[in-house]
Structures are given as structure tokens and as C-alpha cells.
């Protein structure tokens, strides 16, 4: 059975290992445990951030980050770092993670959510459409570190 919960600090090594599947090969994977824990501690102090993990038998099999952003008219949710372990895809894990982010967004008064996905991740694009995202937006990314 899959459970969705907020990341716990003791689970960070598992999440770092899972993130290795997420980072494209042309971007340096620089994720020390100490730095990730420091960042997570700061995120825990911000009620606008939710780092959800999917667990099966205590093992992390997926994760997604939602951050509520303020603007003058309508707050919105930015979805980032969505990852489901390769052997768990197609089993509803991602759908449960995205529902948890939807619930978080609605609790925080967000009017909409958006995410950016690399153009080569066509399988992920189909998934995002299946959970209600549309492709009617053009996204751009500027990379500061390689």
C-alpha cells in the first residue's frame, strides 16, 4: 500500500538516491546529505512549501515538491521535482502525489498550478495531461549551473 506524507529528515538519503533518476546527465548532480538537510530545514519553516513523498513499506518510491507563490491577484502553485521510481511507474504513485499537491494548493488558496517538463520527457507529458495539466503554455528555463 502506498502512503503519501511529508518528507521526514531521516528519509533524506533515500530521496537523494531517487533524485539521481531525475537530474538530466548534462547537469551536475551536487546533492550532499548535509546541504539537502539544511535546505529542507529551511523549507519546513515555510508553510508555503510541501515536499511530498510516496512510500511503500517504509521505502520512498516517489516524490513531488509544491511551492505556493504569492502574487498581487492570484496565488499559484509551482510543481517541481516530480519523480517516481522507474519500477513503480504506471501504478498510481504519481497520481497520488499530484493529488496531494492539489490538496495543498487548494488549502493555500492557489488559483492554478504550473510545472515545467523537459521536452524529451514525452511519457511524463502524457501523465501530466492525465491529471489535468494542459500544454497551452510555453515554458522556458535558464540554467545558471551546469
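Summary of computed values
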read-out	value
Residue that is farthest from residue 18 (Cα to Cα) [pool: residues in segment 96-130 that are surrounded by 15 or more Cβ atoms within 10 Å (Cβ to Cβ) and touching a helix residue (DSSP H, G or I) at 6+ places or on another chain (Cβ under 9 Å)]	110
Test: residue 36 is buried (at least 16 other Cβ atoms within 10 Å of the Cβ), in contact (Cβ under 8 Å) with a residue 24 or more places away in the chain, in contact with a helix residue (DSSP H, G or I) (Cβ under 8 Å, 6 or more places away or on another chain) and assigned to a helix (DSSP H, G or I)	yes
Flag for residue 137 being part of a strand (DSSP E or B) and either within 26 Å of residue 14 (Cα to Cα) or modelled with pLDDT under 90 (or both)	no
Selection count, segment 61-84, where residues are over 16 Å from residue 101 (Cβ atoms) and either crowded, with 18+ Cβ neighbours inside 10 Å or in contact with a helix residue (DSSP H, G or I) (Cβ under 6 Å, 6 or more places away or on another chain) (or both)	1
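The values are calculated or read from the model by the stated rules, or taken from the named source; none is laboratory data. All figures in this text were calculated on a predicted structure; none of them were measured in a lab. Cβ: placed from backbone, ideal geometry, glycine included. Neighbour counts: every protein chain shown.
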